[in-house]
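**Student:** Sharing a structure below in structure tokens format, with a few things to ask.
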Amino acid sequence: MRSRVLAVAIASVFARTASASAEEGPPVAILHARVYVPGDHPPLENATVVLASGKVQAVGINVPAPPGALTLDAHGKVLTPGFIDADTDVGVVDIQMEAAANDTDVRGGPMIPALRMIDGYNPRSALIPIARSGGVTSVVLAPRTHLLGGQSALVDLAGDSVAECVVRPALAQYAHVDEETVQETAGTRSGLWLMLREALEDARFYSTHKAQYDANAARWLRLNRQGLEALQPVLRGEQPLVVTAHRASDIEVALRLADDFKLKLVLEGASEAWMVADELARRKVPVVIDPLQDLPQRFDRLHARSDNAAILSGAGVPVVLSTFSAHQARLLWQRAGNAVRLGMEHDAAIRAITEAPADAFGLKGYGRIEPGAVGNVVLWSGDPLQTTTRVEHVFVRGREQPLETRQTLLLDRYRTLPLARDGSR
Amino acid sequence: MLIRNATILTATGKRYEPGFVLMQSGSMAAVGDGNGPDPKAGAVVIDARGKFVTPGIIDPHSHIGVYPVPETTAHDDGNELTDPIGAGLRAEHSFWPQDPAIERAVAGGVTTIGVLPGSGNLVGGRGIVLHLHPRRGARAMRFPGAPEILKMACGENPKRVYGVLKRSPTTRMGNLRALREAFVKAQKYSRDWEAWITKQQKPRAKKPDDKDGADAKPPDRDLALETLALVLRGDILVEWHCYQADDMLAALQLADEFGFQVRAFHHALEAYKIRDVLARESVAVATWDDWWGFKMEAYDGIPENLALITEAGGRAALHSDSAIAIQILNQAAGKALAAGRAAGIKLDEDDAVRWLTANPAWVLGIEDQVGTLVAGKRADVVVWSEDPLSTYARAELVYVDGQLVFDRAHIGAPWSDFELGVRAMPPSKKETK
């Protein structure tokens with residue numbers, strides 16, 4: 001439980017620094033914790049983690065708390081890196097079915113690679129504390145639709161301004177080559193792949209013909225200038241191309257495309273990825289999946305099965321687990337827990353929501369508790385993947401975050417009935 | 001068939017640790033502490049040491065079979081959006097028994113579902129209670145002796161669907177007007193039939209031109225009004241999709257006006273705000289553990305809903321409304337229990353099991369037959385690998401009427417014809433360990 005010292009200090013810190021940057025404040029020492037550390041190491045028992053200047057400063061068994069640090073005795077409870085949901089709309093949607101409260105589904109397309117999800121992010125969304133209350137401290141805001149849907153962003157779930165929250169404003173580019181997009185766009189999957197190839201070829205052409213383009217002397221190109229520019233980091237291999245595809249044969253086409261254009265590929269959805277597990281493992285292609293999607297929901301995923309994550313992980317594929325949700329990003333722990341239920345190793349499932357998403361997107365210092373890493377950590381009352389476990393403390397960039405949400409306020413208001421304001425009735 | 005050495009969660013408040021369940025001729029012959037009676041010669045004995053046994057899970061709100069997978073236009077059969085009063089419809093007539101979701105639900109420990117039409121209409125039509133074993137049609141899966149159930153809907157969905165069509169209802173008041181008009185007609189329909197029956201029963205001298213006597217033609221049958229007349233008589237259970245507290249209160253006002261009882265509000269994310277009223281009126285709540293925010297009327301959902309209703313003396317049940325969520329309803333109970341306890345609400349594990357079994361049985365009117373592990377009830381039983389409220393729990397054996405319908409260690413050919421040849425690969429070693 002939180003020490004009195006820390007509780008008092010937090011209250012004053014929050015009162016004082018409503019707009020101050022997240023990194024300010026005294027160091028924090030979390031003592032006697034069971035700490036999940038990177039790689040294949042078992043968790044450290046009875047360890048200390050020191051957070052300072054927004055980062056993890058020290059991790060170890062005999063690490064002293066720095067002078068002046070706020071201390072938190074974990075009493076042997078579990079400390080993990082803050083979870084990273086690799087595909088969400090947190091902060092981009094408040095209510096799914098109210099168009100005005102939903103910035104996930106842009107009109108236009110089918111190719112809008114210059115779009116940046118970060119421009120729709122609202123750091124005051126009610127969803128942010130709710131996601132955080134489930135131990136999620138960072139999310140990838142990912143485009144949901146279109147053949148080329150635009151660029152995702154990585155944000156930390158704390159802070160009052162976009163500038164404060166944002167970690168990477170242009171993290172990755174997204175291509176959707178699933179049944180829904182086929183039906184909305186080219187009508188056939190071969191037609192859709194053709195459009196994608198042409199767009200990439202045009203972007204490559206543009207990179208060597210910019211002068212002609214600006215002089216209006218280039219040939220016709222499928223994308224506008226912003227789109228052509230947006231694809232340059234993808235062609236240079238600096239930005240991953242995240243391809244949503246489900247059917248095993250579609251995944252094979254994605255691999256060929258990645259070869260032809262020397263792309264850094266990440267797969268998402270990937271219901272039938274288990275059928276090409278060995279090839280994905282050989283190439284070390286990260287695969288982002290929802291382990292609960294075991295239904296033959298559409299014809300491009302008739303071979304969906306519940307142990308997709310277990311098979312991929314067992315074959316050595318870098319598996320990332322995601323909720324693909326906004327309101328329920330808080331349940332990322334449950335996705336990982338179900339992957340374990342369905343055969344994945346427990347430590348691999350934890351890595352699949354911490355290190356693996358960080359590695360898939362090249363996020364140095366994320367998803368791990370080690371010196372120099374970002375100070376995003378969560379203290380759990382027990383096994384983080386278990387139904388009975390509660391989140392007790394959440395730190396983002398070294399600062400503790402309140403666990404109050406709109407839902408806890410509703411609970412407080414309705415904890416006893418009738419309400420005082422109901423009058424005498 | 002004797003299952004013994006397991007922790008038995010009966011959903012009656014009793015827990016046997018270790019205990020036994022004896023099944024015979026499709027029913028439970030005995031449930032209790034210890035090893036149970038010496039099995040008769042030829043009886044199957046399952047040593048379930050370390051495992052847990054519960055009643056089969058009952059999902060009172062499913063669209064399996066009426067919105068089957070794969071999601072094809074050819075099978076999009078859950079909402080007949082041509083008349084908001086769809087009381088003449090029956091989900092039974094849309095149900096596709098080859099839905100691959102059925103077998104996956106059973107693998108999640110579910111033995112009975114209430115299949116309902118969608119919520120696009122104010123009156124969606126009659127639902128059907130199904131026992132989950134593979135059969136060629138809905139009628140053969142029908143839970144024996146289950147009462148008729150009627151799906152109704154309030155709030156956003158009907159007014160949105162018909163608003164797009166520029167037809168009434170386009171507002172909440174339009175919703176209520178359309179329903180009241182329908183029940184006014186149903187009252188007249190009931191009166192006309194009662195009058196005709198009364199006349200039939202009254203002996204009178206026959207005259208050649210007697211139009212009112214025994215020769216009088218009966219009133220024309222009207223399938224929609226026939227169903228609504230059953231509602232007025234209390235002969236069909238009203239299962240009402242409603243999210244907001246104010247919408248539920250308006251629905252109860254309408255039920256009072258026409259003198260019928262609401263069996264359960266479904267979804268009911270704001271039930272916690274009026275849990276005193278719902279408990280007093282004996283209206284059950286079928287809901288999720290923590291869904292929220294997908295539409296305006298779902299914005300105030302909180303994870304403590306089931307716990308608060310239970311604390312107030314109401315009857316709370318879990319439902320899925322989803323072919324994914326139905327596979328992990330046991331986890332939903334675990335989560336809702338943990339949320340309630342964290343809020344300081346006194347609950348025990350039996351309360352959480354009741355959310356999955358006894359209470360949804362009541363919602364569907366089959367509480368005398370299933371929902372608890374007691375002698376005499378149908379042998380719908382699940383053996384779990386561990387505490388079913390754990391994330392890691394897997395249903396290992398599932399029995400319906402004493403018949404083994406799912407055995408995780410021996411997964412055979414798919415139930416669904418559709419999946420023949422598709423699911424041909426062997427299950428991984430991990431999943432079957």
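The values are calculated or read from the model by the stated rules, or taken from the named source; none is laboratory data. Just so we're clear, the structure is a prediction, and the values are computed from it rather than from any experiment. With ideal geometry, Cβ positions are generated from the backbone for all residues, glycine too; neighbour counts draw on all protein chains shown.
**Student:** Inside region A:171-229, counting only helices (runs of 4 or more DSSP H) that do not spill past its ends, which hold 3 or more residues that are exposed (fewer than 15 other Cβ atoms within 10 Å of the Cβ)?
**Tutor:** Numbers: elements: A:179-184, A:189-208, A:210-214.
Correct list: A:189-208, A:210-214.
**Student:** If only one of A:Gln386, A:Gln401 is within 9 Å of another protein chain (Cβ to nearest Cβ) and not acidic (Asp, Glu), which one is it? Full working, then the answer.
**Tutor:** Working: A:Gln401 fails: within 9 Å of another protein chain (Cβ to nearest Cβ).
A:Gln386 is the lone residue from the list that is within 9 Å of another protein chain (Cβ to nearest Cβ) and not acidic (Asp, Glu).
**Student:** Which members of region B:287-314 meet the condition of being in contact (Cβ under 8 Å) with a residue 40 or more places away in the chain and away from every other protein chain (no Cβ under 11 Å)?
**Tutor:** B:Leu306, B:Thr310, B:Gly314
**Student:** Return the only residue of A:Pro291, A:Pro296 being within 8 Å of another protein chain (Cβ to nearest Cβ), of a type outside the set (Phe, Trp, Tyr) and part of a loop (DSSP other than H, G, I, E, B). Spell out the reasoning first.
**Tutor:** Numbers: A:Pro291 fails: within 8 Å of another protein chain (Cβ to nearest Cβ).
Only one candidate qualifies: A:Pro296.
**Student:** From the list B:Ala333, B:Ala361, B:Ala307, B:Ala323, which one is within 21 Å of A:Leu385 (Cβ to Cβ), of a type in the set (Gly, Ala, Ser) and crowded, with 23+ Cβ neighbours inside 10 Å? Before you say what the answer is, go through the steps one by one.
**Tutor:** On the way: B:Ala361 fails: within 21 Å of A:Leu385 (Cβ to Cβ); B:Ala307 fails: within 21 Å of A:Leu385 (Cβ to Cβ); B:Ala323 fails: within 21 Å of A:Leu385 (Cβ to Cβ).
Matching residue, one of B:Ala333, B:Ala361, B:Ala307, B:Ala323: B:Ala333.
**Student:** Would you please list the contacts, defined by Cβ atoms under 8 Å and residues six or more apart or on different chains, that run from a residue in region A:169-196 that is in contact (Cβ under 8 Å) with a residue 60 or more places away in the chain to a residue that is of a type in the set (Lys, Arg) and part of a strand (DSSP E or B)?
**Tutor:** Partner pairs satisfying both residue conditions: A:Ala170/A:Arg116.
**Student:** Report, ordered by the first and then the second residue, all pairs with beta carbons closer than 6 Å, sequence separation of six or more or different chains, a first member in region A:37-65 that is closer than 14 Å to A:Arg399 by Cβ, and a second member that is in a loop (DSSP other than H, G, I, E, B) and of a type in the set (Val, Ile, Thr).
**Tutor:** Pairs found: A:Val56/A:Ile369.
Yes/no per residue for (1) modelled with pLDDT of 95 or more; (2) charged (D, E, K, R):
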| position | (1), (2) |
| --- | --- |
| A:Ala358 | yes, no |
| A:Phe361 | yes, no |
| A:Tyr366 | yes, no |
| A:Asp383 | yes, yes |
| A:Thr388 | yes, no |
| A:Arg413 | yes, yes |
| A:Ala420 | no, no |
| A:Ser424 | no, no |
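**Student:** Within the group B:Ile102, B:Ile57, which residue is among the aliphatic types (A, V, I, L, M), within 13 Å of chain A (Cβ to nearest Cβ), surrounded by 24 or more Cβ atoms within 10 Å (Cβ to Cβ) and out of contact with any Cys (no Cβ under 7 Å at 6 or more places or on another chain)? Write out each step before concluding.
**Tutor:** Working: B:Ile57 fails: within 13 Å of chain A (Cβ to nearest Cβ).
Result of the check over B:Ile102, B:Ile57: B:Ile102.
**Student:** So which residues in region A:336-382 are of a type in the set (Phe, Trp, Tyr) and closer than 18 Å to A:Cys165 by Cα, if there are any at all? Break it down stepwise before answering.
**Tutor:** The initial filter retains those residues of region A:336-382 that are of a type in the set (Phe, Trp, Tyr), namely A:361, A:366, A:380.
The answer is A:Phe361, A:Tyr366.
**Student:** From B:Lys199, B:Lys188, which residue is in a helix (DSSP H, G or I), modelled with pLDDT under 95 and either out of contact with any helix residue (DSSP H, G or I) (no Cβ under 9 Å at 6 or more places or on another chain) or surrounded by fewer than 16 Cβ atoms within 10 Å (Cβ to Cβ) (or both)? Quick ask: steps written out before the conclusion?
**Tutor:** On the way: B:Lys188 fails: modelled with pLDDT under 95.
The match here is B:Lys199.
**Student:** Hey, could you check region A:405-417 for residues that are in a loop (DSSP other than H, G, I, E, B) and out of contact with any helix residue (DSSP H, G or I) (no Cβ under 7 Å at 6 or more places or on another chain) and say which is farthest from A:Ala339 (Cα to Cα)? Talk me through it step by step, then tell me what you get.
**Tutor:** From region A:405-417, those in a loop (DSSP other than H, G, I, E, B) are A:405, A:414-417; that's our starting set.
Now narrow it down to the ones that are out of contact with any helix residue (DSSP H, G or I) (no Cβ under 7 Å at 6 or more places or on another chain): A:415-416.
Values: A:Arg415: 35, A:Thr416: 38 Å.
The qualifying residue farthest from A:Ala339 (Cα to Cα) is A:Thr416.
**Student:** Going by what's in this entry, would A:Leu154 be described as modelled with pLDDT of 95 or more, within 14 Å of chain B (Cβ to nearest Cβ) and at negative phi? If you could, list the steps in order and put the result at the bottom.
**Tutor:** On the way: modelled with pLDDT of 95 or more: yes; within 14 Å of chain B (Cβ to nearest Cβ): no; at negative phi: yes.
When the stated conditions are applied, A:Leu154 does not pass them.
**Student:** Continuing with this model, one more query. Here are some residues: A:Arg116, A:Arg124. Which one is closer than 21 Å to A:Val234 by Cα and touching a residue at least 24 places away in the same chain (Cβ under 8 Å)?
**Tutor:** On the way: A:Arg124 fails: closer than 21 Å to A:Val234 by Cα.
Answer to the selection: A:Arg116.
**Student:** Take B:Ala317 and tell me if it is touching a Pro at 6+ places or on another chain (Cβ under 8 Å) and either without any contact (Cβ under 8 Å) to a residue 40 or more places away in the chain or within 12 Å of another protein chain (Cβ to nearest Cβ) (or both). Break it down into steps so the answer makes sense when it comes.
**Tutor:** Numbers: touching a Pro at 6+ places or on another chain (Cβ under 8 Å): yes; either without any contact (Cβ under 8 Å) to a residue 40 or more places away in the chain or within 12 Å of another protein chain (Cβ to nearest Cβ) (or both): no.
Here the answer is no, as B:Ala317 does not meet what is asked.
**Student:** Please go through region A:153-170 and pick out each residue that is touching a Leu at 6+ places or on another chain (Cβ under 8 Å) and part of a helix (DSSP H, G or I).
**Tutor:** We begin by selecting, within region A:153-170, every residue touching a Leu at 6+ places or on another chain (Cβ under 8 Å); these are A:153-155, A:165-168.
Within region A:153-170, A:Cys165 is the sole residue that qualifies.
**Student:** Conditions first: (1) at the interface with chain B (Cβ under 8 Å from one of its Cβ atoms); (2) over 21 Å from the mean Cα position of the chain (by Cα). A:Thr416 passes all but one, so which condition is the exception?
**Tutor:** Among (1) at the interface with chain B (Cβ under 8 Å from one of its Cβ atoms); (2) over 21 Å from the mean Cα position of the chain (by Cα), A:Thr416 violates only (1).
**Student:** Looking at region A:391-404 only, could you name the residues that are part of a strand (DSSP E or B) and under 28 Å from A:Ile95 (Cα atoms)?
**Tutor:** Result: A:Val391, A:Glu392, A:His393, A:Val394, A:Phe395, A:Val396, A:Glu400, A:Gln401.
So that you can scan it fast, the table gives a plain yes or no per residue for (1) within 14 Å of chain A (Cβ to nearest Cβ); (2) under 22 Å from B:Arg191 (Cα atoms); (3) surrounded by fewer than 19 Cβ atoms within 10 Å (Cβ to Cβ); (4) over 18 Å from the mean Cα position of the chain (by Cα):
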| residue | (1), (2), (3), (4) |
| --- | --- |
| B:Ala224 | no, yes, no, yes |
| B:Leu232 | no, yes, yes, yes |
| B:Tyr243 | yes, no, no, no |
| B:Leu249 | yes, no, yes, yes |
| B:Glu257 | no, yes, yes, yes |
| B:Glu281 | no, no, yes, yes |
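**Student:** Oh, and also: So for region B:122-139 (the condition being assigned to a loop (DSSP other than H, G, I, E, B), buried (at least 22 other Cβ atoms within 10 Å of the Cβ) and of a type outside the set (D, E, K, R)), does at least one residue qualify?
**Tutor:** Looking only at region B:122-139, we keep the residues that are assigned to a loop (DSSP other than H, G, I, E, B), and these are B:122, B:132-137.
Still in the running and buried (at least 22 other Cβ atoms within 10 Å of the Cβ): B:122, B:132.
When the remaining residues are screened for being of a type outside the set (D, E, K, R), the result is B:122, B:132.
Within region B:122-139, one or more residues are assigned to a loop (DSSP other than H, G, I, E, B), buried (at least 22 other Cβ atoms within 10 Å of the Cβ) and of a type outside the set (D, E, K, R).
**Student:** Would you say B:Pro147 is in the same structural domain as B:Trp362 (by TED's automatic domain parsing), outside any strand (DSSP E or B) and closer than 27 Å to B:Ile328 by Cα? Full working, then the answer.
**Tutor:** On the way: in the same structural domain as B:Trp362 (by TED's automatic domain parsing): yes; outside any strand (DSSP E or B): yes; closer than 27 Å to B:Ile328 by Cα: yes.
The answer is yes for B:Pro147.
**Student:** Determine, yes or no, whether B:Ile3 is at pLDDT 95 or above, buried (at least 24 other Cβ atoms within 10 Å of the Cβ) and assigned by TED's automatic domain parsing to the domain that holds B:Asp348. Please lay out each step first, then the result.
**Tutor:** Numbers: at pLDDT 95 or above: yes; buried (at least 24 other Cβ atoms within 10 Å of the Cβ): yes; assigned by TED's automatic domain parsing to the domain that holds B:Asp348: no.
The answer is no for B:Ile3.
**Student:** Moving on. Would you please name the residue that is nearest to the other protein chains (Cβ to nearest Cβ), looking only at residues in region A:306-336 that are assigned to a loop (DSSP other than H, G, I, E, B) and surrounded by fewer than 24 Cβ atoms within 10 Å (Cβ to Cβ)?
**Tutor:** Per the criteria, the residue is A:Asp307.
**Student:** Still on this structure, please answer the following. Of all residues in region A:345-390, how many are crowded, with 20+ Cβ neighbours inside 10 Å, outside any loop (DSSP other than H, G, I, E, B) and more than 17 Å from the chain's Cα centre (by Cα)?
**Tutor:** Result for region A:345-390: 2.
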